[in-house]
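The values are calculated or read from the model by the stated rules, or taken from the named source; none is laboratory data. None of these values were measured; they are calculated from a predicted model. Glycine also receives a Cβ, built like all others from the backbone with ideal geometry; neighbour counts cover every protein chain displayed. For the accessible areas, the whole protein counts, side chains as well, though only heavy atoms, and no ligand, DNA or RNA atoms are used. Shrake-Rupley method; radii C 1.70, N 1.55, O 1.52, S 1.80 Å.
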Amino acid sequence: MIKVILTGYFMTCVYADGVADVVLACTLVEEGAGLGGMGGGHFTRTPATLILRDVAVGPEESLETLTPFVPPSVPDPDLLLFEAKVSSPEIPGAKVLLHADCNEQEVLCELSRYSPRGFQESSEPAFFMVSLSVDEVNFSTALILETLKVEKDQSTLTQSKLGLPLSQSGTLLTHLIFVVFTHIKSVSAPLRGDVLLNCGFKQQETPLAEDVGIEWRLQHRGKGRKVLEMKRALDDTEGSVIVHGERDGSSINAVQVVGEGNASLTLTKLKVGDEGTYICTVSLGPFHSQQVIQLHIIQPPDISLSVEKLVLKTSSPQKLSCHSNKYYPLDAQMDWFSLSPTDTEPKLFEDQGSLSSHRQHGDGTFSLSSHIGVPPTTAPGTKIICKVSHPALDEPLSVSVVVESPQPDCYWWILGFLIITVLFFYQVMG
(Lines give C-alpha, C1' and ligand atoms only; values in the text may rest on other atoms or scores of the structure.)
Protein backbone atom coordinates (compact mmCIF):
# COMPACT_ATOMS: atom_id res chain seq x y z
CA MET A 1 0.00 0.00 0.00
CA ILE A 2 1.33 3.42 -0.93
CA LYS A 3 0.23 6.27 1.33
CA VAL A 4 0.21 10.02 0.76
CA ILE A 5 -0.28 12.98 3.06
CA LEU A 6 -0.81 16.53 1.78
CA THR A 7 -0.38 19.38 4.23
CA GLY A 8 -1.36 23.05 4.00
CA TYR A 9 -5.12 22.86 4.26
CA PHE A 10 -4.71 19.58 6.16
CA MET A 11 -5.60 17.17 3.40
CA THR A 12 -4.39 13.57 3.40
CA CYS A 13 -4.61 11.10 0.54
CA VAL A 14 -3.89 7.39 0.93
CA TYR A 15 -3.80 5.55 -2.39
CA ALA A 16 -4.51 1.84 -2.56
CA ASP A 17 -6.30 -0.34 -5.11
CA GLY A 18 -7.90 2.62 -6.93
CA VAL A 19 -9.19 4.32 -3.80
CA ALA A 20 -7.89 7.07 -1.53
CA ASP A 21 -8.58 8.35 1.93
CA VAL A 22 -9.02 12.13 2.13
CA VAL A 23 -8.76 14.03 5.39
CA LEU A 24 -10.34 17.49 5.55
CA ALA A 25 -10.29 20.24 8.13
CA CYS A 26 -13.95 21.06 8.81
CA THR A 27 -16.21 22.96 11.16
CA LEU A 28 -19.04 21.53 13.24
CA VAL A 29 -21.87 24.08 13.23
CA GLU A 30 -24.42 23.93 16.04
CA GLU A 31 -27.35 26.15 16.89
CA GLY A 32 -26.94 27.66 20.33
CA ALA A 33 -28.96 29.88 22.64
CA GLY A 34 -29.65 33.45 21.61
CA LEU A 35 -30.47 36.42 23.78
CA GLY A 36 -32.52 35.60 26.85
CA GLY A 37 -31.94 31.89 26.36
CA MET A 38 -34.02 31.78 23.18
CA GLY A 39 -32.73 29.49 20.43
CA GLY A 40 -32.17 30.40 16.81
CA GLY A 41 -30.11 33.51 17.30
CA HIS A 42 -26.62 32.10 17.67
CA PHE A 43 -24.42 29.42 16.11
CA THR A 44 -21.33 27.83 17.60
CA ARG A 45 -18.50 26.66 15.36
CA THR A 46 -16.12 23.97 16.56
CA PRO A 47 -13.09 22.66 14.63
CA ALA A 48 -13.54 19.10 13.40
CA THR A 49 -11.83 16.63 11.07
CA LEU A 50 -13.54 14.59 8.37
CA ILE A 51 -11.90 11.41 7.10
CA LEU A 52 -13.40 10.19 3.80
CA ARG A 53 -12.53 6.53 3.39
CA ASP A 54 -12.22 4.79 0.01
CA VAL A 55 -12.66 7.77 -2.34
CA ALA A 56 -12.42 6.38 -5.89
CA VAL A 57 -9.43 7.62 -7.93
CA GLY A 58 -8.54 7.13 -11.58
CA PRO A 59 -5.56 5.14 -12.91
CA GLU A 60 -3.90 8.39 -14.05
CA GLU A 61 -3.18 9.41 -10.46
CA SER A 62 0.55 9.31 -9.68
CA LEU A 63 1.69 7.42 -6.61
CA GLU A 64 4.28 8.90 -4.27
CA THR A 65 5.50 7.56 -0.96
CA LEU A 66 4.85 10.13 1.75
CA THR A 67 4.03 10.04 5.44
CA PRO A 68 0.51 8.65 6.05
CA PHE A 69 -2.08 10.26 8.25
CA VAL A 70 -1.98 8.73 11.72
CA PRO A 71 -4.76 9.21 14.30
CA PRO A 72 -3.75 10.26 17.81
CA SER A 73 -1.86 7.52 19.63
CA VAL A 74 -4.08 8.13 22.65
CA PRO A 75 -7.79 8.60 21.73
CA ASP A 76 -9.09 11.98 22.89
CA PRO A 77 -12.84 12.21 23.58
CA ASP A 78 -12.68 15.99 23.14
CA LEU A 79 -11.55 15.74 19.49
CA LEU A 80 -14.15 15.66 16.73
CA LEU A 81 -12.91 13.05 14.25
CA PHE A 82 -15.58 11.91 11.79
CA GLU A 83 -14.65 8.78 9.85
CA ALA A 84 -16.92 8.07 6.87
CA LYS A 85 -16.81 5.25 4.35
CA VAL A 86 -17.81 6.70 0.97
CA SER A 87 -17.26 3.81 -1.47
CA SER A 88 -20.99 3.18 -1.96
CA PRO A 89 -22.48 5.49 -2.84
CA GLU A 90 -19.52 7.31 -4.35
CA ILE A 91 -19.11 11.08 -4.25
CA PRO A 92 -19.19 12.29 -7.89
CA GLY A 93 -16.26 14.53 -8.78
CA ALA A 94 -14.51 13.90 -5.46
CA LYS A 95 -11.13 13.61 -7.18
CA VAL A 96 -10.88 17.43 -7.07
CA LEU A 97 -10.37 17.04 -3.32
CA LEU A 98 -7.13 15.16 -3.94
CA HIS A 99 -5.36 18.14 -5.49
CA ALA A 100 -7.17 21.17 -4.08
CA ASP A 101 -4.42 21.80 -1.55
CA CYS A 102 -1.64 21.62 -4.16
CA ASN A 103 -3.66 23.92 -6.44
CA GLU A 104 -4.11 26.40 -3.58
CA GLN A 105 -7.88 25.96 -3.70
CA GLU A 106 -9.76 26.26 -0.43
CA VAL A 107 -12.03 23.38 0.52
CA LEU A 108 -15.09 24.54 2.45
CA CYS A 109 -16.35 21.83 4.80
CA GLU A 110 -19.15 22.19 7.33
CA LEU A 111 -20.85 19.51 9.44
CA SER A 112 -24.09 19.78 11.37
CA ARG A 113 -26.44 17.44 13.21
CA TYR A 114 -29.24 16.22 10.95
CA SER A 115 -32.69 15.01 12.00
CA PRO A 116 -34.65 12.97 9.42
CA ARG A 117 -38.41 13.34 9.61
CA GLY A 118 -39.82 11.08 12.30
CA PHE A 119 -36.46 10.44 14.03
CA GLN A 120 -35.58 11.57 17.53
CA GLU A 121 -32.33 13.57 17.59
CA SER A 122 -31.19 11.91 20.82
CA SER A 123 -31.67 8.38 19.47
CA GLU A 124 -29.12 6.17 17.73
CA PRO A 125 -28.12 5.98 14.98
CA ALA A 126 -27.29 9.67 14.69
CA PHE A 127 -27.14 11.53 11.39
CA PHE A 128 -24.94 14.37 10.18
CA MET A 129 -25.13 16.67 7.16
CA VAL A 130 -21.84 17.57 5.45
CA SER A 131 -21.55 20.45 2.98
CA LEU A 132 -18.48 20.34 0.72
CA SER A 133 -17.38 22.79 -1.95
CA VAL A 134 -14.11 23.87 -3.54
CA ASP A 135 -13.33 27.48 -4.46
CA GLU A 136 -12.88 28.21 -8.18
CA VAL A 137 -14.06 24.69 -9.06
CA ASN A 138 -17.53 23.50 -10.03
CA PHE A 139 -17.75 21.03 -7.17
CA SER A 140 -20.47 21.19 -4.55
CA THR A 141 -22.01 18.29 -2.69
CA ALA A 142 -24.11 17.58 0.39
CA LEU A 143 -23.63 14.31 2.24
CA ILE A 144 -25.80 12.61 4.84
CA LEU A 145 -23.79 10.40 7.19
CA GLU A 146 -25.23 7.75 9.51
CA THR A 147 -23.32 6.59 12.57
CA LEU A 148 -22.37 2.92 12.77
CA LYS A 149 -23.01 0.74 15.76
CA VAL A 150 -20.06 0.47 18.11
CA GLU A 151 -19.72 -2.55 20.41
CA LYS A 152 -19.38 -0.97 23.82
CA ASP A 153 -17.22 -2.20 26.64
CA GLN A 154 -15.52 -0.63 29.62
CA SER A 155 -12.83 0.92 27.44
CA THR A 156 -15.25 2.60 25.02
CA LEU A 157 -14.94 6.37 25.03
CA THR A 158 -17.81 8.79 24.47
CA GLN A 159 -17.34 11.97 22.47
CA SER A 160 -17.66 14.74 25.04
CA LYS A 161 -19.60 17.20 22.87
CA LEU A 162 -21.90 14.84 21.00
CA GLY A 163 -22.35 12.07 23.59
CA LEU A 164 -21.76 9.36 20.96
CA PRO A 165 -19.50 6.28 21.34
CA LEU A 166 -16.08 6.38 19.66
CA SER A 167 -14.10 3.67 17.91
CA GLN A 168 -10.90 2.24 19.38
CA SER A 169 -8.90 4.84 17.42
CA GLY A 170 -11.04 7.69 18.79
CA THR A 171 -13.08 8.38 15.66
CA LEU A 172 -16.82 8.67 15.23
CA LEU A 173 -17.61 5.83 12.77
CA THR A 174 -20.15 6.68 10.05
CA HIS A 175 -21.06 5.67 6.54
CA LEU A 176 -22.44 7.64 3.63
CA ILE A 177 -26.11 6.94 2.83
CA PHE A 178 -27.22 9.87 0.63
CA VAL A 179 -25.51 12.38 -1.68
CA VAL A 180 -26.95 15.39 -3.53
CA PHE A 181 -24.51 17.17 -5.83
CA THR A 182 -24.06 19.59 -8.71
CA HIS A 183 -21.27 19.95 -11.24
CA ILE A 184 -22.12 23.61 -11.96
CA LYS A 185 -22.48 26.10 -9.10
CA SER A 186 -23.07 29.09 -11.39
CA VAL A 187 -24.13 29.32 -15.04
CA SER A 188 -24.78 32.14 -17.51
CA ALA A 189 -27.32 31.72 -20.30
CA PRO A 190 -28.52 34.02 -23.10
CA LEU A 191 -31.87 35.78 -23.02
CA ARG A 192 -34.50 33.78 -24.94
CA GLY A 193 -32.14 30.78 -24.92
CA ASP A 194 -32.27 27.45 -23.06
CA VAL A 195 -30.31 26.21 -20.05
CA LEU A 196 -29.74 22.97 -18.13
CA LEU A 197 -29.31 23.32 -14.36
CA ASN A 198 -27.33 20.33 -13.12
CA CYS A 199 -28.41 18.41 -10.02
CA GLY A 200 -28.02 14.75 -9.14
CA PHE A 201 -28.24 12.31 -6.25
CA LYS A 202 -26.99 8.91 -5.14
CA GLN A 203 -28.04 6.66 -2.28
CA GLN A 204 -26.79 3.52 -0.61
CA GLU A 205 -27.43 0.13 -2.20
CA THR A 206 -30.31 -0.53 0.20
CA PRO A 207 -32.88 2.11 -0.88
CA LEU A 208 -33.77 4.67 1.77
CA ALA A 209 -37.34 4.92 0.48
CA GLU A 210 -39.70 3.58 -2.17
CA ASP A 211 -40.19 6.89 -3.92
CA VAL A 212 -38.26 10.03 -4.75
CA GLY A 213 -39.38 13.65 -4.72
CA ILE A 214 -37.70 16.49 -6.61
CA GLU A 215 -38.46 20.16 -6.06
CA TRP A 216 -36.91 23.14 -7.82
CA ARG A 217 -37.41 26.62 -6.38
CA LEU A 218 -36.25 30.06 -7.48
CA GLN A 219 -35.16 32.73 -5.01
CA HIS A 220 -34.44 36.25 -6.24
CA ARG A 221 -34.41 39.64 -4.53
CA GLY A 222 -36.20 38.40 -1.43
CA LYS A 223 -38.93 36.56 -3.29
CA GLY A 224 -39.33 32.84 -3.92
CA ARG A 225 -41.48 30.62 -6.06
CA LYS A 226 -41.77 26.97 -6.97
CA VAL A 227 -40.58 26.18 -10.49
CA LEU A 228 -41.20 22.43 -10.74
CA GLU A 229 -42.12 19.49 -8.51
CA MET A 230 -41.91 15.77 -9.30
CA LYS A 231 -42.76 12.59 -7.42
CA ARG A 232 -42.15 9.06 -8.63
CA ALA A 233 -41.85 5.56 -7.20
CA LEU A 234 -38.32 4.19 -7.63
CA ASP A 235 -39.58 0.66 -8.39
CA ASP A 236 -42.45 1.70 -10.66
CA THR A 237 -41.91 -0.19 -13.93
CA GLU A 238 -44.98 1.45 -15.46
CA GLY A 239 -43.24 4.80 -15.27
CA SER A 240 -46.10 6.56 -13.50
CA VAL A 241 -44.94 9.99 -12.44
CA ILE A 242 -46.46 13.17 -11.09
CA VAL A 243 -44.85 16.34 -12.42
CA HIS A 244 -46.14 19.82 -11.76
CA GLY A 245 -44.32 22.67 -13.49
CA GLU A 246 -45.34 26.17 -12.46
CA ARG A 247 -43.03 27.79 -14.99
CA ASP A 248 -43.86 27.26 -18.68
CA GLY A 249 -40.96 25.63 -20.47
CA SER A 250 -39.57 23.87 -17.38
CA SER A 251 -39.01 20.11 -17.52
CA ILE A 252 -37.22 17.22 -15.88
CA ASN A 253 -36.48 13.75 -17.27
CA ALA A 254 -38.34 11.34 -14.97
CA VAL A 255 -36.66 8.30 -16.50
CA GLN A 256 -33.20 9.70 -15.75
CA VAL A 257 -34.29 10.62 -12.22
CA VAL A 258 -35.01 6.98 -11.43
CA GLY A 259 -32.37 5.30 -13.58
CA GLU A 260 -29.41 7.64 -13.10
CA GLY A 261 -30.25 9.91 -10.17
CA ASN A 262 -30.28 12.84 -12.59
CA ALA A 263 -32.59 15.58 -11.27
CA SER A 264 -31.38 18.32 -13.64
CA LEU A 265 -33.84 21.02 -14.67
CA THR A 266 -34.27 22.31 -18.23
CA LEU A 267 -35.58 25.84 -18.82
CA THR A 268 -36.45 27.09 -22.30
CA LYS A 269 -37.08 30.58 -23.71
CA LEU A 270 -35.33 32.29 -20.83
CA LYS A 271 -36.53 35.65 -19.59
CA VAL A 272 -34.89 38.22 -17.35
CA GLY A 273 -37.28 37.10 -14.59
CA ASP A 274 -35.71 33.62 -14.65
CA GLU A 275 -32.47 34.95 -13.18
CA GLY A 276 -31.68 34.10 -9.58
CA THR A 277 -30.79 31.33 -7.13
CA TYR A 278 -32.20 27.90 -7.94
CA ILE A 279 -32.57 25.37 -5.13
CA CYS A 280 -32.71 21.68 -6.07
CA THR A 281 -34.17 19.60 -3.22
CA VAL A 282 -34.16 15.79 -3.42
CA SER A 283 -36.29 13.81 -0.94
CA LEU A 284 -36.04 10.10 -0.23
CA GLY A 285 -38.57 9.19 2.44
CA PRO A 286 -37.53 10.98 5.67
CA PHE A 287 -34.26 12.20 4.13
CA HIS A 288 -33.78 15.27 2.02
CA SER A 289 -30.89 17.41 0.88
CA GLN A 290 -30.30 20.15 -1.65
CA GLN A 291 -27.94 22.06 -3.90
CA VAL A 292 -27.91 25.71 -4.93
CA ILE A 293 -27.16 26.91 -8.49
CA GLN A 294 -26.91 30.54 -9.58
CA LEU A 295 -28.42 31.41 -12.97
CA HIS A 296 -27.32 34.63 -14.64
CA ILE A 297 -29.18 35.92 -17.70
CA ILE A 298 -27.00 37.75 -20.21
CA GLN A 299 -27.71 39.63 -23.43
CA PRO A 300 -24.95 41.48 -25.32
CA PRO A 301 -25.68 45.00 -26.58
CA ASP A 302 -26.24 46.11 -30.16
CA ILE A 303 -24.22 49.27 -30.77
CA SER A 304 -24.49 51.93 -33.45
CA LEU A 305 -23.53 55.54 -34.20
CA SER A 306 -25.91 58.38 -34.95
CA VAL A 307 -24.27 59.10 -38.33
CA GLU A 308 -22.60 57.03 -41.02
CA LYS A 309 -20.65 60.02 -42.35
CA LEU A 310 -19.03 62.70 -40.20
CA VAL A 311 -18.36 66.00 -41.99
CA LEU A 312 -17.21 68.68 -39.57
CA LYS A 313 -18.65 72.14 -39.51
CA THR A 314 -16.17 74.99 -39.67
CA SER A 315 -17.55 76.93 -36.73
CA SER A 316 -18.85 74.57 -34.03
CA PRO A 317 -18.35 71.03 -32.68
CA GLN A 318 -20.26 68.26 -34.46
CA LYS A 319 -22.52 66.18 -32.20
CA LEU A 320 -21.91 62.44 -32.35
CA SER A 321 -23.93 59.84 -30.44
CA CYS A 322 -23.25 56.18 -29.69
CA HIS A 323 -26.21 53.93 -28.85
CA SER A 324 -25.93 50.70 -26.85
CA ASN A 325 -29.25 48.85 -27.11
CA LYS A 326 -31.09 45.90 -25.55
CA TYR A 327 -28.46 44.51 -23.17
CA TYR A 328 -28.61 42.70 -19.81
CA PRO A 329 -27.48 42.99 -17.04
CA LEU A 330 -27.30 46.71 -16.38
CA ASP A 331 -23.49 46.98 -16.20
CA ALA A 332 -22.32 48.65 -19.41
CA GLN A 333 -19.41 51.02 -19.96
CA MET A 334 -19.05 53.33 -22.96
CA ASP A 335 -15.76 55.05 -23.88
CA TRP A 336 -14.70 57.28 -26.77
CA PHE A 337 -11.34 57.06 -28.53
CA SER A 338 -9.70 58.85 -31.46
CA LEU A 339 -7.08 57.67 -33.93
CA SER A 340 -5.51 60.40 -36.04
CA PRO A 341 -3.71 59.64 -39.33
CA THR A 342 -0.36 60.16 -37.55
CA ASP A 343 -1.14 57.89 -34.54
CA THR A 344 -0.53 54.15 -34.33
CA GLU A 345 -2.74 53.52 -31.29
CA PRO A 346 -6.14 55.00 -30.36
CA LYS A 347 -6.13 57.63 -27.63
CA LEU A 348 -8.83 58.23 -25.06
CA PHE A 349 -10.99 61.11 -26.22
CA GLU A 350 -10.33 64.19 -24.10
CA ASP A 351 -14.01 65.01 -23.61
CA GLN A 352 -16.08 61.89 -22.88
CA GLY A 353 -19.26 63.94 -23.23
CA SER A 354 -22.44 62.91 -21.46
CA LEU A 355 -24.50 59.79 -20.85
CA SER A 356 -28.23 59.44 -21.10
CA SER A 357 -30.19 57.76 -18.34
CA HIS A 358 -30.66 53.99 -18.58
CA ARG A 359 -33.80 53.03 -20.45
CA GLN A 360 -35.47 49.74 -19.51
CA HIS A 361 -37.54 47.86 -22.06
CA GLY A 362 -40.53 45.60 -21.58
CA ASP A 363 -38.37 42.45 -21.76
CA GLY A 364 -36.16 43.72 -18.91
CA THR A 365 -33.19 44.72 -21.09
CA PHE A 366 -31.58 48.15 -20.99
CA SER A 367 -30.33 50.80 -23.44
CA LEU A 368 -27.87 53.65 -22.97
CA SER A 369 -26.53 56.45 -25.18
CA SER A 370 -23.35 58.53 -25.01
CA HIS A 371 -22.95 61.92 -26.71
CA ILE A 372 -19.81 63.87 -27.56
CA GLY A 373 -18.95 66.98 -29.55
CA VAL A 374 -16.21 66.50 -32.17
CA PRO A 375 -14.17 69.74 -32.35
CA PRO A 376 -13.93 71.46 -35.78
CA THR A 377 -10.16 71.42 -35.39
CA THR A 378 -10.08 67.60 -35.60
CA ALA A 379 -7.80 66.56 -38.46
CA PRO A 380 -9.54 65.00 -41.49
CA GLY A 381 -8.98 61.25 -41.61
CA THR A 382 -9.21 60.91 -37.83
CA LYS A 383 -11.19 57.87 -36.73
CA ILE A 384 -13.65 58.43 -33.87
CA ILE A 385 -14.28 55.18 -32.00
CA CYS A 386 -17.03 54.24 -29.53
CA LYS A 387 -16.15 51.20 -27.43
CA VAL A 388 -18.70 49.35 -25.26
CA SER A 389 -17.80 46.86 -22.49
CA HIS A 390 -20.38 44.49 -21.00
CA PRO A 391 -20.39 41.22 -18.97
CA ALA A 392 -22.04 39.38 -21.88
CA LEU A 393 -19.09 40.20 -24.16
CA ASP A 394 -15.80 38.32 -24.23
CA GLU A 395 -14.17 41.55 -25.40
CA PRO A 396 -15.47 45.10 -25.95
CA LEU A 397 -17.45 45.96 -29.08
CA SER A 398 -16.56 49.06 -31.08
CA VAL A 399 -17.98 51.13 -33.91
CA SER A 400 -16.22 54.02 -35.66
CA VAL A 401 -16.57 56.80 -38.18
CA VAL A 402 -13.87 58.71 -40.08
CA VAL A 403 -13.80 62.53 -40.00
CA GLU A 404 -14.07 64.05 -43.47
CA SER A 405 -12.85 67.47 -44.63
CA PRO A 406 -15.19 70.44 -44.05
CA GLN A 407 -17.34 71.27 -47.05
CA PRO A 408 -18.12 74.84 -48.13
CA ASP A 409 -21.52 76.08 -47.15
CA CYS A 410 -24.21 75.25 -49.74
CA TYR A 411 -25.37 78.89 -49.69
CA TRP A 412 -22.14 80.10 -51.23
CA TRP A 413 -22.25 77.37 -53.86
CA ILE A 414 -25.73 78.49 -54.92
CA LEU A 415 -24.85 82.18 -54.85
CA GLY A 416 -21.74 81.59 -56.95
CA PHE A 417 -23.71 79.55 -59.44
CA LEU A 418 -26.31 82.30 -59.84
CA ILE A 419 -23.66 85.02 -60.37
CA ILE A 420 -21.90 82.98 -63.03
CA THR A 421 -25.22 82.27 -64.77
CA VAL A 422 -26.18 85.96 -64.80
CA LEU A 423 -22.80 86.99 -66.21
CA PHE A 424 -23.04 84.34 -68.90
CA PHE A 425 -26.45 85.51 -70.13
CA TYR A 426 -25.33 89.14 -69.92
CA GLN A 427 -22.46 88.43 -72.26
CA VAL A 428 -24.67 86.42 -74.65
CA MET A 429 -27.38 89.05 -74.80
CA GLY A 430 -24.83 91.83 -75.13
Given the whole protein assembly as supplied and a 1.4 Å probe, what does the accessible area of VAL70 come to in Å², nearest 10? 100
Flagged links, alpha-carbon separation over 21 Å, of LYS149/LYS202; LYS271/LYS387; LYS313/LYS383; LYS202/LYS271; LYS226/LYS271: LYS149/LYS202; LYS271/LYS387; LYS202/LYS271
Label-reachable residues, the stretch 299-314, where backbone N falls under 14 Å from a point 7 Å from ARG359's Cα toward its Cβ: 302-306
Integer Hz, Karplus 6.51/-1.76/1.60 couplings in order for the stretch 223-232, x for Gly and Pro: 10, x, 8, 7, 9, 7, 9, 9, 9, 7
Placing +1 on the Cβ of each Lys and Arg and -1 on the Cβ of each Asp and Glu in the stretch 106-154, which of ASN138, PRO125, LEU111 has its Cα farthest towards the positive end of the resulting dipole? PRO125
Which shape class, rounded, prolate or oblate, goes with the stretch 184-298 when its Cα gyration tensor gives a ≥ b ≥ c as root eigenvalues, a/c under 1.5 marks rounded, and past that a/b bigger than b/c marks prolate? prolate
Stokes-Einstein diffusion coefficient for the stretch 153-209 at 20 °C in a medium of 1.002 mPa s, Rh from the Kirkwood formula over Cα pairs: what value in µm²/s? 135
Could you state the per residue volume, in Å³, of the convex hull enclosing the Cα atoms of the stretch 81-139? 118
Enter the mean projected area of the convex hull around the alpha-carbon atoms of the stretch 95-172, in nm², rounded to one decimal. 6.9
Kirkwood hydrodynamic radius, computed over distinct alpha-carbon pairs, for the stretch 302-404: how many Å, to one decimal? 14.3
Area accessible to solvent at ILE420, 1.4 Å probe radius, in Å²: 120
If I model a spin label at SER115 and THR378 as a point 7 Å from the Cα along the Cα→Cβ vector, what separation in nanometres do I get? 7.1
Just how far, in whole angstrom, is the stretch 122-158 from the stretch 172-241 if you go by their alpha carbon centroids? 22
Between ALA254, HIS296, VAL195, whose Cα lies farthest towards the positive end of the dipole of the stretch 184-298 when Lys and Arg beta carbons carry +1 and Asp and Glu beta carbons carry -1, centred on the Cα centre? HIS296
Mind checking which aspartates and glutamates have their C-alpha under 13 Å from LYS185, skipping anything on the same chain fewer than 8 residues away? ASP135, GLU136
Assign unit charges at the C-beta atoms only (+1 for Lys and Arg, -1 for Asp and Glu), then state the dipole size of the stretch 184-298 relative to its Cα centre in Debye, rounded to the nearest 20. 760
Which loop-located trypsin sites (Lys or Arg not before Pro) does the stretch 122-166 contain, where loop means any DSSP state but H, G, I, E or B and the Cβ has at most 12 other Cβ atoms within 10 Å? LYS149, LYS152
Can you pull out the trypsin sites (Lys or Arg not before Pro) in the stretch 267-335 whose DSSP state is coil and whose Cβ has at most 13 other Cβ atoms within 10 Å? LYS269, LYS309, LYS313
With r defined as the distance between the Cβ atoms of VAL311 and GLU205 and R0 fixed at 56 Å, what FRET efficiency is calculated, to the nearest 0.05? 0.10
Virtual paramagnetic centre 7 Å along Cα→Cβ of GLU31, amide N under 15 Å, in the stretch 165-196: none
